[in-house]
Amino acid sequence: WLIEEGYPGRKVIVWAHNAHVMNAYYGSDWSSVHLEPRDDAMKPSGVFLADWLGDDLYTIGMTAFAGEDGWANGAPASPIAVAASGTIEARLHALGQPFAFLDLRALRGQPSHPLRGPQSMRVPKYEVETLADISRPYDGIFFIDRMEGAIRLPQSA
């Protein structure tokens, strides 16, 4: 409704967990990702949105090399282990930059690009998956070398 009625013709940003926005299917085991539908797979919002909006949708997944993951509700942060060798995260870490962005949509017109072959990455959270084509679940990847847990901002007066 917001896209069609509330803000027709305008850009809309939906901020959600990688598992909800990816254009891939989440396994019933809550840890596997599949590029094609399966009887036992969950169809996240990202698949519905990609079917509906096509190229008008640009989905960005977020990932990290290491650090911690934590909510701003005061619960203890969970450690994020160092990414395994050979993963996209480990390769981006080797660049020595705190942040990086991969425009995966730009690769879709290049079927022989090396990143279009099987790649291992942490998707949708920090479990490593090997995907036949990493440009399918997300149009882009925002990489953070060292993730930090969320913090609660002080209330303004």
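The values are calculated or read from the model by the stated rules, or taken from the named source; none is laboratory data. Since the model is a prediction, treat every value here as computed from it, not as a measurement. All Cβ positions, even for glycine, are placed from backbone atoms using ideal geometry, and neighbour counts span all protein chains on display. Heads up: the accessible areas ignore ligands, DNA and RNA and are worked out on the full protein's heavy atoms, side chains in. Shrake-Rupley method; radii C 1.70, N 1.55, O 1.52, S 1.80 Å.
For this structure, a couple of remarks:
- Antiparallel beta bridges, as assigned by DSSP with both residues in the chain, represent about 70 percent of the total such bridges.
- Exposure check, 1.4 Å probe, all protein chains in place: Val12 carries approximately 60 Å² of accessible surface.
- Neighbours of Ala66, meaning other residues whose beta-carbon lies under 13 angstrom from its beta-carbon, give a summed charge of -3 when Lys and Arg score +1 and Asp and Glu score -1.
- These residues, His17, His113, go from largest to smallest accessible area, 1.4 Å probe, as His17, His113.
- Of the options (i) 104; (ii) 158; (iii) 123, only one is volume of the Cα convex hull per residue in Å³ as computed from these coordinates, and that is (ii).
- Taking θ as phi - 60° and the Karplus parameters 6.51, -1.76 and 1.60, the scalar couplings of the stretch 26-39 work out to 8, x, 5, 7, 6, 9, 10, 10, 10, 6, 10, x, 9, 4 Hz in sequence order, x denoting glycine and proline.
- Magnitude of the charge dipole, the chain, Cβ model with Lys/Arg +1 and Asp/Glu -1, debye to 20: 340 debye
- Surface composition of the chain: carbon and sulfur make up 57 percent of the accessible area, probe 1.4 Å.
- Per residue solvent-accessible surface (Å²) - the chain, probe of 1.4 Å: 63 Å²
- Tensor-based shape of the stretch 1-85 (alpha-carbon gyration tensor, a/c under 1.5 rounded, otherwise prolate or oblate): oblate
- Normalised contact order of the chain, rounded percent, pairs of Cα under 8 Å and 6 or more residues apart: 27 percent
- In range of the label at Asp103: residues from the stretch 36-77 whose backbone nitrogen is under 15 Å from the point 7 Å along Cα→Cβ: 58-60
- Spin-label model, Arg152/Lys11: points 7 Å from Cα along the beta carbon direction are separated by 3.3 nm.
- Positive contributions from Lys and Arg (+1) and negative ones from Asp and Glu (-1), summed over other residues with Cβ under 13 Å from the Cβ of Ala75, come out at -1.
- Less than 5 angstrom separates the built amide H of Ala64 from those of Ile144, all sequence-distant by 5 or more or on a different chain.
- Low-density loop cleavage sites - chymotrypsin sites (Phe, Trp or Tyr not before Pro) in the stretch 1-90, where at most 13 other Cβ are within 10 Å (DSSP): Trp1, Trp15, Trp30, Tyr58, Trp71
- Helix-only arithmetic for the chain: the sum of -39500 (n - 2.57) across DSSP H runs with n ≥ 4, divided by the residue total, places the mean residue ellipticity at 222 nm at -3000 deg cm²/dmol.
- Highest-MSF residue in the chain out of Ile13, Ile60, Ile134 [GNM, Cα springs under 10 Å]: Ile13
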